[in-house]
Amino acid sequence: MKIIIDNHDGMGQLDYSAYFDAEHLPKLKRKLNRAAEMLAWLASGDVGFHVPASGARVTLQRDDGYKLFTGYLTAVPQQQYLGKTQSGAVWRYALAAVDDSWLLSHNAPTARTPFVYRTAGDALRTITNDVLPGGLDVSGVQELGYVNQFAPSSQRSWSEHTQELATMKRACFRAHDGTLVFQPVGQQGFSINEGDAKFSPDGLTVAQPDHLGNDATIVGELEPTTYVRDYFIGDGTTLGFYLSRSPFSKTTVTVFEEEYAGPGLSPTLWYITDPNGRASVSAGQLQFNGGPATVGLVEKLELAGGLRFQQGQVTFSAASSGTLGGIYNGSIADGNCLAGFRITPSGGNCAIQALINGASTGTG
């Protein structure tokens with residue numbers, strides 16, 4: 001067994017296998033949809049020993065090159081004094097490492113509008129690239145079906161997002177050797193061969209937890225639980241009467257709000273099709289100097305409940321044509337427009353009409 005550590009100090013990968021503590025062999029800890037952990041101990045009295053640094057890249061592998069664990073040291077190794085030899089003091093170094101997902105959990109996910117009707121794999125790839133672009137190979141992330149709505153939050157870590165997606169689709173994930181794997185539970189199996197020369201019966205423990213089966217818990221939305229009766233007596237002058245309890249009502253959530261405060265459009269909110277470079281952002285305004293150009297929300301919208309769209313102030317400096325605030329069922333075309341505003345030239349000015357189900361409605 002070998003342990004190779006890169007301390008990012010310009011010396012490259014160093015083989016620390018000769019310093020393994022014979023009394024404390026490395027330990028690996030793996031749980032479903034949790035980051036893999038490794039504990040290892042080194043012992044040395046060599047004055048030239050390079051103490052591994054916090055954040056160092058660690059690889060534990062067999063002699064045949066098979067990698068058992070890859071990850072990063074989460075802290076400076078703990079030191080324990082063991083005694084003295086003729087060459088000097090001998091120390092034991094306790095190493096604690098977390099797999100490759102440690103890099104992802106250190107950065108907050110980008111604030112985005114909720115993912116609507118995306119596959120779980122697509123949502124995970126997007127969040128992963130937001131946190132650490134190109135940090136891991138995501139080719140092992142499978143699609144695993146659609147999720148109706150998933151809301152990423154900058155207040156939660158990458159691991160929490162991934163665990164929720166895995167729970168929703170009965171999947172598991174693993175970050176190992178620079179690759180992120182996301183697949184259904186049970187797709188990968190391991191065979192135990194008692195006749196294998198490397199098999200150690202003493203190192204195998206099989207347990208069957210006594211868990212309840214077929215136990216389901218259903219949690220729904222908040223509902224009214226208390227009914228209150230109030231009595232009011234009018235005196236002929238009072239216009240307002242106050243309830244003794246706050247009435248039950250649905251919560252409101254702001255999906256997104258754009259003030260165009262940056263030098264350009266945010267790629268986490270908008271996509272742009274502008275072959276002639278006619279669209280720009282300046283002084284808190286989205287400006288179009290001719291066309292054709294299309295600016296759209298990168299995510300889909302779930303048309304459920306009550307939605308309110310506020311377009312803000314629009315100024316036309318010349319006769320123009322286009323669609324403002326369009327909601328489309330499919331590709332961007334008037335025939336697919338469920339609701340929006342159609343802009344058409346009217347002499348040197350513009351006429352605005354509601355565009356409902358592909359047809360102009362009302363007077364301009």
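The values are calculated or read from the model by the stated rules, or taken from the named source; none is laboratory data. If you're wondering where the values come from, they're calculated on a predicted model, not measured in any experiment. FYI the Cβ positions are ideal-geometry reconstructions off the backbone, even for glycines, and counts take in every protein chain you see.
Could you tell me whether any residue of region 160-172 is of a type in the set (Lys, Arg) and in a loop (DSSP other than H, G, I, E, B)? Checking region 160-172: at least one residue is of a type in the set (Lys, Arg) and in a loop (DSSP other than H, G, I, E, B).
Restricted to region 14-31, and to residues that are hydrophobic (A, V, I, L, M, F, W, C) and modelled with pLDDT under 90, which residue is nearest to Gln187 (Cα to Cα)?
Filtering region 14-31 for residues hydrophobic (A, V, I, L, M, F, W, C) gives 14, 18, 20, 22, 25, 28.
Filter again for modelled with pLDDT under 90, leaving 22, 25.
On the way: Ala22: 36, Leu25: 30 Å.
Only one residue fits best here, namely Leu25.
For Arg342, the conditions (1) basic (Lys, Arg); (2) surrounded by 15 or more Cβ atoms within 10 Å (Cβ to Cβ); (3) in a loop (DSSP other than H, G, I, E, B) are fulfilled apart from (3). Taking residues in region 150-171 that are of a type in the set (D, E, K, R), and partners anywhere that are crowded, with 18+ Cβ neighbours inside 10 Å and not in a helix (DSSP H, G or I), the pairs with Cβ atoms closer than 6 Å and at least 6 places apart or on different chains are Lys169/Leu144.
A quick yes/no check of all residues on (1) assigned to a loop (DSSP other than H, G, I, E, B); (2) touching a Lys or Arg at 6+ places or on another chain (Cβ under 6 Å); (3) of a type in the set (Asp, Glu); (4) loosely packed, with under 10 Cβ neighbours inside 10 Å:
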{"residue": "Val206", "(1), (2), (3), (4)": "yes, no, no, yes"}
{"residue": "Thr217", "(1), (2), (3), (4)": "yes, no, no, yes"}
{"residue": "Thr226", "(1), (2), (3), (4)": "yes, no, no, yes"}
{"residue": "Tyr242", "(1), (2), (3), (4)": "yes, no, no, yes"}
{"residue": "Glu257", "(1), (2), (3), (4)": "yes, no, yes, yes"}
{"residue": "Pro267", "(1), (2), (3), (4)": "yes, no, no, no"}
{"residue": "Pro275", "(1), (2), (3), (4)": "yes, no, no, yes"}
{"residue": "Gly290", "(1), (2), (3), (4)": "yes, yes, no, no"}
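If you go through region 124-158 and keep only what is of a type in the set (A, V, I, L, M) and either assigned to a strand (DSSP E or B) or under 21 Å from Gly178 (Cβ atoms) (or both), you end up with Leu124, Ile127, Val131, Leu132, Leu136, Val138, Val141, Val147. Checked against (1) within 30 Å of the chain's Cα centre (by Cα); (2) within 30 Å of Val147 (Cα to Cα), Asn336 passes all but a single condition, namely (1).
Out of Leu42, Leu82, report the one residue that is without any contact (Cβ under 8 Å) to a residue 60 or more places away in the chain and either in the same structural domain as Ala166 (by TED's automatic domain parsing) or surrounded by 17 or more Cβ atoms within 10 Å (Cβ to Cβ) (or both). Even if it seems obvious, please write down each step before you answer.
Details: Leu82 fails: either in the same structural domain as Ala166 (by TED's automatic domain parsing) or surrounded by 17 or more Cβ atoms within 10 Å (Cβ to Cβ) (or both).
Just a single option satisfies the conditions, and that option is Leu42.
When the residues of region 151-170 are filtered to those that are crowded, with 18+ Cβ neighbours inside 10 Å, in contact with a helix residue (DSSP H, G or I) (Cβ under 7 Å, 6 or more places away or on another chain) and not polar (S, T, N, Q), the one that is farthest from Glu302 (Cα to Cα) is Trp158. Looking at region 186-197, can you tell me whether even one residue there is in a loop (DSSP other than H, G, I, E, B), touching a strand residue (DSSP E or B) at 6+ places or on another chain (Cβ under 9 Å) and not polar (S, T, N, Q)? Scanning region 186-197, I find at least one residue that is in a loop (DSSP other than H, G, I, E, B), touching a strand residue (DSSP E or B) at 6+ places or on another chain (Cβ under 9 Å) and not polar (S, T, N, Q), so the answer is yes.
This table checks each residue for (1) in the same structural domain as Val116 (by TED's automatic domain parsing); (2) in contact with a helix residue (DSSP H, G or I) (Cβ under 7 Å, 6 or more places away or on another chain); (3) within 30 Å of Arg118 (Cβ to Cβ); (4) not small (Gly, Ala, Ser).
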{"site": "Asn289", "(1), (2), (3), (4)": "no, no, no, yes"}
{"site": "Val295", "(1), (2), (3), (4)": "no, no, yes, yes"}
{"site": "Glu302", "(1), (2), (3), (4)": "no, no, yes, yes"}
{"site": "Gly306", "(1), (2), (3), (4)": "no, no, yes, no"}
{"site": "Ala318", "(1), (2), (3), (4)": "no, no, no, no"}
{"site": "Gly325", "(1), (2), (3), (4)": "no, no, yes, no"}
{"site": "Ile343", "(1), (2), (3), (4)": "no, no, no, yes"}
{"site": "Ser346", "(1), (2), (3), (4)": "no, no, no, no"}
{"site": "Ile356", "(1), (2), (3), (4)": "no, no, yes, yes"}
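Within region 126-141, the set of residues being in contact with a strand residue (DSSP E or B) (Cβ under 8 Å, 6 or more places away or on another chain) and surrounded by 17 or more Cβ atoms within 10 Å (Cβ to Cβ) comprises Thr126, Thr128, Leu136, Val138, Val141. May I ask you to list the residues in region 187-206 that are under 30 Å from Lys169 (Cβ atoms) and of a type in the set (A, V, I, L, M, F, W, C)? Of everything in region 187-206, those that are under 30 Å from Lys169 (Cβ atoms) and of a type in the set (A, V, I, L, M, F, W, C) turn out to be Phe190, Ile192, Val206. Among the conditions (1) of a type outside the set (D, E, K, R); (2) under 30 Å from Asn329 (Cβ atoms); (3) surrounded by 10 or more Cβ atoms within 10 Å (Cβ to Cβ), the only one that Thr252 does not satisfy is (3).
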